[in-house]
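Where a number appears in this text, it was derived from the coordinates with a stated rule and is not lab data. Since the model is a prediction, treat every value here as computed from it, not as a measurement. Cβ coordinates were reconstructed from backbone atoms using ideal geometry, including for glycine residues, and neighbour counts include every protein chain displayed.
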Amino acid sequence: MHFKIRPAKKEDCKEISRLIMELAVYENMPDQVKIAHEELERDGFGENPFFQCLVAEVPEEHKSKEGFTVVGYALYFYTYSTWKGRSIFLEDLYVMPEFRGNGIGKGLLCKVAEVGKKKECVRLQLSVLDWNTPSRDFYAAKGAQDLTVSEGWHAIRFDGPSLDNLAKEAAKI
Amino acid sequence: MDFSIRAANVEDCKDIARMIVELADYEKVTDHVKITQRDLEQDGFSKNPFFHGIIAEVPEQLRTKDGHTKVGYALYFYSYSSWAGRAIYMEDLYVMPEFRGKGIGKALMSKVAQLGLAAGCNQLNFTVLDWNKSSRDFYMSQGCCDVTTSMGYHCMRCEGEALQHLAQP
């Protein structure tokens, strides 16, 4: 199937927002999505963007049942390892179900790796849910190591009231 | 104990590099550290920095045996959750052993949280090793959530040859 991968533009944010919701539904957590296209436009396309995004597009004649030509995306940002240096984090990778099996997911992943290489990044990192076997297999096949299994790393988060309480303590310093 | 927390500047990179190695020693992986003071200067203090740092300092009279007054640091950068929006990621949090138990670690982490909220962030994320009980207990006591245990997230990495292969056009 013919497809193109290109950097996202501000005008793509409505499509990206739609795909973010589809991914959240797949991950059984649609109620966790709190942001919409307005936040993506502000945070990804301003002077100091918080993230970068690539979209996968198919020509009109291959559009989806509902008429979409933007059928996949990869959302990423630059990070830093105090051991190894510049790194890239792949926050989301998603392809609409009817377009899978055509190399689009691999194309997006490879493009992110290529972008990272140009910026001299030495690591590409991401997280995946333990039950998501197709995705775990996909990444393992590309040479990704599962650091939670092999080294015991756990992802920790503060948000909502716990984040507010933590921040309040800083005022006492 | 009297201490202060401030934003790191380029002159702090020598001490940050020293403490990065101390933290790697603690995590039993000293040989994993490949970056140098020069890399930190370039990557953290140029036009589009890859990270930001904060330093914990004590007054001269409390300096270490080796004469150090910079006794702790936190290194962070801004990240993004496609569900929650702007986020802040704390890559490192470290306090020299002789200065622990005085609230310095907590103060550093709180400062990162405060900076995150000021920038409109909704999450503070980081990782911890499963065997690192004292750190895990410390974080849990501050009210965080272990999303590996509770939600099943696994941390994945591609590097070296696998990454080179992926990056080929």
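Annotations
- Ranking of B:Glu60, B:Glu159 by count of other Cβ atoms within 10 Å, fewest first: B:Glu60, B:Glu159
- q = 0.12 Å⁻¹: log10 I(q)/I(0) that the Debye formula gives for chain B, counting C-alpha atoms only: -0.62
- Hull volume per residue, based on the alpha-carbon atoms of the protein assembly as shown and their convex hull, is 134 Å³.
- Label-to-label distance for B:Glu11 and A:Lys172 is 3.2 nm, based on points extended 7 Å past Cα in the beta-carbon direction.
- Other protein chain C-beta atoms within 10 Å of residue C-beta, averaged over A:108-117: 4.
- Label-to-label distance, A:Glu11 versus A:Asp130, with points set 7 angstrom from Cα along the beta-carbon direction: 4.5 nm.
- Amide H partners (placed H, <5 Å) of B:Gln123, local residues excluded: B:Ile88
- Percentage, to the nearest whole number, of Cα pairs in the stretch A:4-171 over 27 Å apart: 31 percent
- Figure legend: label point modelled 7 angstrom from the Cα of A:Asn165 along Cα→Cβ; residues of the stretch B:133-152 with amide N under 14 Å from it are B:138-146.
- Cross-link partners of A:Lys4 among lysines (Cα-Cα below 25 Å; sequence separation of 8 or more within a chain): A:Lys14, A:Lys63, A:Lys65, A:Lys106, A:Lys111, A:Lys117, A:Lys118, A:Lys119, A:Lys142
- Counting only other chain Cβ atoms within 10 Å of each residue's Cβ, the peptide B:98-107 averages 1.
- Taking the fewest neighbouring Cβ atoms within 10 Å as the starting point, the ordered list for A:Ser64, B:Ser81 is A:Ser64, B:Ser81.
- Sequence-separation-based contact order of the stretch B:1-54, relative, with Cα cut under 8 Å and 6+ spacing, percent: 45 percent
- For the protein assembly as shown, calculated [θ]222 nm from helices alone, where every DSSP H run of n ≥ 4 adds -39500 (n - 2.57): -10500 deg cm²/dmol
- Under 29 Å from B:Lys111, Cα to Cα: lysines that are on another chain or at least 8 residues apart: A:Lys34, A:Lys84, A:Lys168, A:Lys172, B:Lys14, B:Lys28, B:Lys34, B:Lys47, B:Lys65, B:Lys70, B:Lys102, B:Lys133
- Averaged over the residues of peptide B:160-166, the number of Cβ atoms from other protein chains lying within 10 Å of each residue's Cβ is 6.
- Cα-centre dipole for the stretch A:32-173 with unit charges at Cβ (Lys and Arg positive, Asp and Glu negative), debye to 20: 560 debye
- Placing +1 on the Cβ of every Lys and Arg and -1 on the Cβ of every Asp and Glu, with nothing else charged, gives the protein assembly as shown a dipole about its Cα centre of roughly 360 debye.
- Straight Cα distances below 16 angstrom link A:Lys10 to the aspartates and glutamates A:Glu38, A:Glu39, A:Glu41, A:Asp43, A:Glu47, A:Glu57, with same-chain residues fewer than 8 positions distant left out.
- The length gained on full extension between B:Val29 and B:Arg100, counted as 0.36 nm times the residue separation minus their Cα-Cα distance, comes to 23.4 nm.
- For the stretch B:17-45 versus the stretch A:118-171, the gap between their alpha-carbon centres in whole angstrom: 21 Å
- Each label point was placed 7 Å from the Cα along the Cα-to-Cβ direction; for A:Tyr26 and B:Arg18 their separation is 4.9 nm.
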